[in-house]
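As structure tokens, the structure follows; a few thoughts come after it.
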């Protein structure tokens with residue numbers, strides 16, 4: 001997607017509102033305001049632009065997530081997994097992303113933050129620890145796919161039910177545990193300076 005298809009040139013008098021990270025983007029996102037994250041996964045996905053040097057603005061999507069009736073918004077990703085550090089090594093994992101990055105990893109290498117779709121990566125509960133370690137190491141470069149215990153889909157919304165309560169993380173912050181996860185994309189929710 002070229003800038004002509006996706007973005008526009010910033011006017012000289014436009015004010016860009018700086019946000020600290022992905023959570024700041026999700027909180028401040030609204031039509032008519034150009035934002036710029038100084039860090040986080042959206043910042044990284046856009047090539048780490050410097051807001052003061054920005055000449056263009058691109059339209060980005062948000063994720064809306066419902067956890068036990070409470071609505072949350074994410075700029076980069078929603079992750080559901082078992083609680084604690086062991087949650088990455090055992091049990092099911094569901095990652096719903098508009099950014100390809102999750103910290104120093106790239107679990108969704110095809111994700112585009114402005115295409116109107118959610119990239120969903122699901123790790124099977126049956127995937128053993130050794131395979132998870134190998135996939136985790138390879139996910140730093142996005143080369144962990146394809147894998148028989150990791151499924152990927154691109155959707156506009158997703159509903160999942162789990163046999164056990166999973167902790168839900170919205171842009172890296174835990175928002176509670178649930179057995180039901182409902183997420184949807186909010187296309188073209190805001191503009192980001194690049």
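The values are calculated or read from the model by the stated rules, or taken from the named source; none is laboratory data. Treat the numbers as computed from the prediction; the structure is a model and nothing was measured. Neighbour counts are summed over all protein chains in view; Cβ atoms, including those assigned to glycine, are modelled from backbone coordinates with ideal geometry.
Worth pointing out:
- Of all residues assigned to segment 93-105, at least one qualifies as being outside any loop (DSSP other than H, G, I, E, B), without any contact (Cβ under 8 Å) to a residue 40 or more places away in the chain and out of contact with any strand residue (DSSP E or B) (no Cβ under 7 Å at 6 or more places or on another chain).
- Checked across segment 25-39, the condition of being farther than 15 Å from residue 194 by Cα, in the same structural domain as residue 116 (by TED's automatic domain parsing), without any contact (Cβ under 8 Å) to a residue 24 or more places away in the chain and surrounded by fewer than 18 Cβ atoms within 10 Å (Cβ to Cβ) holds for no residue.
- Helices (runs of 4 or more DSSP H) completely within segment 1-78 that count 1 or more residues being more than 18 Å from residue 109 (Cα to Cα): 3-6, 22-28
The rows are residues; the columns are (1) without any contact (Cβ under 8 Å) to a residue 60 or more places away in the chain; (2) closer than 19 Å to residue 45 by Cβ; (3) outside the structural domain of residue 39 (by TED's automatic domain parsing); (4) assigned to a strand (DSSP E or B).
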site	(1), (2), (3), (4)
109	yes, yes, yes, no
119	yes, yes, yes, yes
122	yes, no, yes, yes
126	yes, no, yes, no
134	yes, no, yes, no
165	yes, no, yes, yes
177	no, no, yes, yes
181	no, no, yes, yes
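- Per-region count, segment 54-66, residues surrounded by 21 or more Cβ atoms within 10 Å (Cβ to Cβ) and either modelled with pLDDT under 95 or closer than 17 Å to residue 157 by Cβ (or both): 4
- Just one of the numbered conditions (1) in a loop (DSSP other than H, G, I, E, B); (2) more than 18 Å from residue 121 (Cα to Cα) is not true of residue 90: (2).
- Filtered residue count, segment 84-112, keeping only those that are at positive phi and surrounded by fewer than 18 Cβ atoms within 10 Å (Cβ to Cβ): 2
- Residue tally, condition more than 16 Å from residue 102 (Cα to Cα) and free of Cβ contacts under 8 Å to residues at least 12 places away in the same chain, over segment 42-74: 5
- Any hit, segment 143-150, residues being out of contact with any helix residue (DSSP H, G or I) (no Cβ under 8 Å at 6 or more places or on another chain) and assigned to a helix (DSSP H, G or I): no
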